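Trainee: Here it is, the structure, as structure tokens.
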Amino acid sequence: MKNLVRKILAVAGYEIRRADRLIDLDSKFGIELLGPLVTQMASLREAPLRLMQVGANDGQSQDPVRALLTDATLEIEAALIEPLPPQFKALDALYQGAKGVRCFNCAISASGANLPFYVVQGADRHEEFSLVASFDRVSVETSVQMMAASPEERAALSIETIDVPCRTVRQIAEDMRWDEIDVLVVDAEGYDQIIVATALNDGFLPRLIVCEIVFFTPAQFTAFTQDLRKRGYQIARSGQDLFAMRDRG
């Protein structure tokens, strides 16, 4: 992965430096690496690439996999997971009839038991807040504070608790008839490292893992990346996202 990413970045005049600790984000959005990496992976496989996205939202708003799933040159099977009913309805309609794509109206947890989920009440009047939902209430509160344009807008929003159905990564994989996951993409507003750990503990070692690190503490970042490296992953960071890739073993 390191050589591939280095070549991609070199074209844009960038270089890679190892990040052994969490560093301040230098930009909200980094260079888009998912597309080139998945395209490269797909070119080396005879069978369809198996992609799982946790936190798919409506499938369009700031969605990193939409372009991949609409690229006729790529063979991809996808499991798209979204727990919130309004966003899931839009997601399911978007991919209605799409070959190899299944949408799941649930969240991911280690046990598969229903759990409390935190959403922004009033998000229907502020579309960008529909992207903010998590098992981690503190992360949702932090996002509201960061994203609200004014004290008045912040005052119009509140955090609501709802119960959502949950499934394990293995249950989703079994429904897809997968024995492996090639690409795992997670956007879970502060719960990303737990979702990734759930997949790893379920016995999966995706070739490529992509997740947000914006809510990681320095200690969490260190522990998370150390664990991934012990499992054979190489790490890269772009903007708010962490990319972890491993060779087949």
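Trainee: Each residue of the range 226-240 in turn: what ³J(HN,Hα) in whole Hz from Karplus with 6.51, -1.76, 1.60 and θ = phi - 60°, glycine and Pro shown as x?
Mentor: Going residue by residue, I get 5, 5, 5, 5, 5, 8, x, 8, 9, 10, 9, 10, 9, x, 8 Hz, with x marking Gly and Pro.
Trainee: Here is a further query. State the Cα centre-to-centre distance between the range 204-234 and the range 34-77 in whole Å.
Mentor: With the range 204-234 and the range 34-77 each reduced to a Cα centre, they are spaced 21 Å.
Trainee: Something else: Enumerate the amide H contacts of GLN240 below 5 Å, restricted to partners 5 or more residues apart or on another chain; note that Pro and chain-start residues carry no placed amide H.
Mentor: GLY30
Trainee: Quick one: what does P(r) look like for the range 131-249 with 10 Å bins over all Cα pairs, in whole %?
Mentor: Taking every Cα pair in the range 131-249, the percentages come to 12, 39, 31, 14, 4, 0.
Trainee: Sequence gap at least 6, Cα distance under 8 Å: using those rules, report the relative contact order of the range 33-192 to the nearest whole percent.
Mentor: Value for the range 33-192: 27 percent.
Bear in mind these aren't lab numbers, they're just calculated from the coordinates by the rules spelled out. Since the model is a prediction, treat every value here as computed from it, not as a measurement.
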